[in-house]
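The values are calculated or read from the model by the stated rules, or taken from the named source; none is laboratory data. If you're wondering where the values come from, they're calculated on a predicted model, not measured in any experiment. Ideal geometry is used to build each Cβ from the backbone, glycine not excepted, and the neighbour counts take in all protein chains shown. Areas reflect the complete protein model, heavy atoms only, side chains present, ligands, DNA and RNA absent. Shrake-Rupley method; radii C 1.70, N 1.55, O 1.52, S 1.80 Å.
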Amino acid sequence: LTNAHVVAQNGTTASSVSVVFKDSGSGMTTVDASVVGVDETSDVALLKIDGVENMPTMELGSDDDVSEGSTLHVVGYPAASTFSRGFSAGSQVQPTVTEGPVTAIKVTSDDMPVFQTQAPASPGNSGGPVLDDDAKVVGVLVASAVGDDGVALEGQEFVIPVSVVSEMLDDNSV
């Protein structure tokens, strides 16, 4: 969701979470959501929201839309700039968009493809959609490479391809 983010405690497993989104007016709405699918390998969860109509949607692209050198646009809610003092509550549902090239297409030890990008991201961006130049979702940001000292390495972000998301949607009849 482009104008929503999931509110949950880090490191916990929950069967339900809350989703905060900008409503059609100038306010924010918080609704409960249930977790209907979890892919442990990709670290992607599928949420269901009941009783809310006309939620924003985004068109899905294809893994074939991504190649080394193509530009990716990371949409998310970096914690440091989303929840900083001085910003209005409405600013908390205003996403940040960064962009950068795909530097590699790799495969995990579990045979899952991942896109590596130099699009800047930080804690809070994880789980956000990654778009191609046509604004189609081609993946979900999931991780940053981390050095031996435990610090995230700049310019080494990893994206789960949209095929993993599509499979999850199909498995849950969405």
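Points worth noting:
- Computed magnitude of the charge dipole of the chain (debye, nearest 20; Cβ of K, R +1, Cβ of D, E -1): 820 debye
- The amide H of Ala143, built 1.01 Å from its N in the peptide plane, has Phe158 as neighbours under 5 Å, considering only residues 5 or more places off or on other chains.
- Under a model in which nothing but the beta-carbon of Lys, Arg (+1) and Asp, Glu (-1) is charged, segment 55-132 shows a dipole of about 580 debye around its Cα centre.
- The C-alpha atoms of the chain define a longest principal axis, and helix 162-171 lies at about 50 degrees to it.
- Lys/Arg +1, Asp/Glu -1 at C-beta; the chain dipole; positive extreme among Pro120, Ser84, Ala104: Ser84
- The chain: relative contact order in percent, alpha carbon pairs under 8 Å with at least 6 residues between: 21 percent
- Carbon + sulfur, % of accessible area of the chain - ligands and nucleic acids excluded, 1.4 Å: 47 percent
- Within the chain, longest stretch clear of exposed GluC sites (Glu not before Pro) (DSSP loop, no more than 16 other Cβ within 10 Å): 69-174
- Dividing the convex hull volume of the alpha-carbon atoms in the chain by its residue count gives 131 Å³ per residue.
- Accessible area in square angstrom per residue, segment 92-152, 1.4 angstrom probe: 50 Å²
- Between segment 38-84 and segment 117-170, the alpha-carbon center distance in angstrom: 9 Å
- Available extension along the chain between Glu99 and Ser84 is 3.2 nm, counting 0.36 nm per residue and deducting the alpha carbon span.
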